[in-house]
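Q: Please see the structure below; I have some questions.
The values are calculated or read from the model by the stated rules, or taken from the named source; none is laboratory data. Since this is a predicted model, take the numbers as computed values, not measurements. Counting neighbours? That spans all protein chains shown, and the Cβs are built from the backbone with ideal geometry, glycine included. These area figures cover heavy atoms from the full protein model, side chains too; ligands, DNA and RNA do not enter into them. Shrake-Rupley method; radii C 1.70, N 1.55, O 1.52, S 1.80 Å.
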Amino acid sequence: MQASSLLFRSRLLPLLASLALVACHGGGDDTPVVRVPELSPGTYVVNAGTTEAPVLGRYFSGSDGSRLLVLHNSADQAERLYRRSAAEAAWTAVPAGTADVSIALQSSFKQAQAPAAPTPAGLAGRYVAQIAPGVWAQFSIAADGSLNAGSASPCKLSGRLDAKAGAGGLAVSLNASGCGGSVPASSQGFVLVDAEEQPARFRLLADDGRSLLDLRAFAE
């Protein structure tokens, strides 16, 4: 009887120890930590690579603490995105990674004359944007911020621009249908006015946490 009791306790103690460890650490948090340099409010051209092997992109910094870092591929489209909704919020990487990441900027050049912050009323109008080679979407923005798909457009974009600023632009909620498998059905992001993107009226960057949508919208 005594031997069986000792055996039971020898098996129970490691289990109790592991349960105590889980309790102390709240079950663990495996969310990767994302670290991005802090830049003062404004719009920047950045290099997150090296002089010999540059990784170019844009950094949008809002006065409210929101931030957006976009790193481009060779076609000047968003390949990776790092965003923060407010000063006290954590950075999020899209697509999400499985390990901690720390971004280093080899260089950053601030835009000398940043455009005025956009408003939904100021962006009211009809637009066309290329979704993919040979695939275009037509949509309109009303003065109240509602975004509606064009009737002749097979790719339907709809949603709403929020008057609340985000990363120096406007926050946007977007729904998409008939736009191909690479376009998220539902996404959140930013509408950004950037002099470097002219003649595009604005750039729309949105994601669902996994996939990116990067559009340059041209006035019709």
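Q: Looking at (1) at pLDDT 95 or above; (2) buried (at least 21 other Cβ atoms within 10 Å of the Cβ), can you tell me which one G169 breaks?
A: (1) is the only condition that G169 fails.
Q: To continue, here is another question. Looking at the stretch 60-104, which of its residues are within 13 Å of V36 (Cα to Cα), open to solvent by 20 Å² or more (accessible area, probe 1.4 Å) and small (G, A, S)?
A: The answer is A87, A89, A90, S102, A104.
Q: Considering (1) out of contact with any strand residue (DSSP E or B) (no Cβ under 6 Å at 6 or more places or on another chain); (2) farther than 21 Å from G42 by Cβ, say which one E196 fails and leave the rest.
A: Among (1) out of contact with any strand residue (DSSP E or B) (no Cβ under 6 Å at 6 or more places or on another chain); (2) farther than 21 Å from G42 by Cβ, the lone unmet condition for E196 is (2).
Q: Now for a separate question. Checking A163 against (1) open to solvent by 50 Å² or more (accessible area, probe 1.4 Å); (2) touching a helix residue (DSSP H, G or I) at 6+ places or on another chain (Cβ under 8 Å); (3) without any contact (Cβ under 8 Å) to a residue 60 or more places away in the chain: exactly one of these is not met. Which one?
A: (2)
Q: Taking A89, is it part of a loop (DSSP other than H, G, I, E, B), modelled with pLDDT under 95 and out of contact with any His (no Cβ under 6 Å at 6 or more places or on another chain)?
A: yes
Q: Next question, about the same structure. Taking the condition within 23 Å of A217 (Cα to Cα), among the aromatic types (F, W, Y) and over 16 Å from the mean Cα position of the chain (by Cα), does F139 pass?
A: When the stated conditions are applied, F139 passes them.
Q: In this structure, does A176 turn out to be of a type in the set (A, V, I, L, M), surrounded by fewer than 16 Cβ atoms within 10 Å (Cβ to Cβ), in a strand (DSSP E or B) and out of contact with any Asp or Glu (no Cβ under 8 Å at 6 or more places or on another chain)?
A: No.
Q: Further question: With respect to T119, determine if the residue is of a type in the set (V, I, T), within 25 Å of L174 (Cβ to Cβ), touching a strand residue (DSSP E or B) at 6+ places or on another chain (Cβ under 9 Å) and assigned to a loop (DSSP other than H, G, I, E, B).
A: Yes: the conditions hold for T119.
Q: Going by the structure shown, is V128 surrounded by fewer than 19 Cβ atoms within 10 Å (Cβ to Cβ) and touching a Gly at 6+ places or on another chain (Cβ under 7 Å)?
A: So V128 fails the test.
Q: Only residues in the stretch 197-214 that are at positive phi and part of a loop (DSSP other than H, G, I, E, B) count as the first member; pair them with residues that are open to solvent by 10 Å² or more (accessible area, probe 1.4 Å) and modelled with pLDDT under 95, Cβ under 7 angstrom, at least 6 apart or cross-chain, and list the lot.
A: Between residues of the stretch 197-214 that are at positive phi and part of a loop (DSSP other than H, G, I, E, B) and residues that are open to solvent by 10 Å² or more (accessible area, probe 1.4 Å) and modelled with pLDDT under 95, the close pairs are G209/A96.
Q: Which of the numbered conditions does D162 fail, given that it passes all the others? Conditions: (1) in a loop (DSSP other than H, G, I, E, B); (2) in contact with a strand residue (DSSP E or B) (Cβ under 8 Å, 6 or more places away or on another chain); (3) acidic (D, E).
A: The single condition D162 does not satisfy is (1).
Q: Consider Q138 against the criteria (1) free of Cβ contacts under 8 Å to residues at least 24 places away in the same chain; (2) open to solvent by 30 Å² or more (accessible area, probe 1.4 Å); (3) among the polar types (S, T, N, Q): it satisfies all of them except one. Which criterion is unmet?
A: Unmet for Q138, out of (1) free of Cβ contacts under 8 Å to residues at least 24 places away in the same chain; (2) open to solvent by 30 Å² or more (accessible area, probe 1.4 Å); (3) among the polar types (S, T, N, Q): (1).
Q: Among the residues of the stretch 173-183, write down those that are of a type outside the set (G, A, S) and modelled with pLDDT under 95.
A: C179, V183 - these are the residues of the stretch 173-183 that are of a type outside the set (G, A, S) and modelled with pLDDT under 95.
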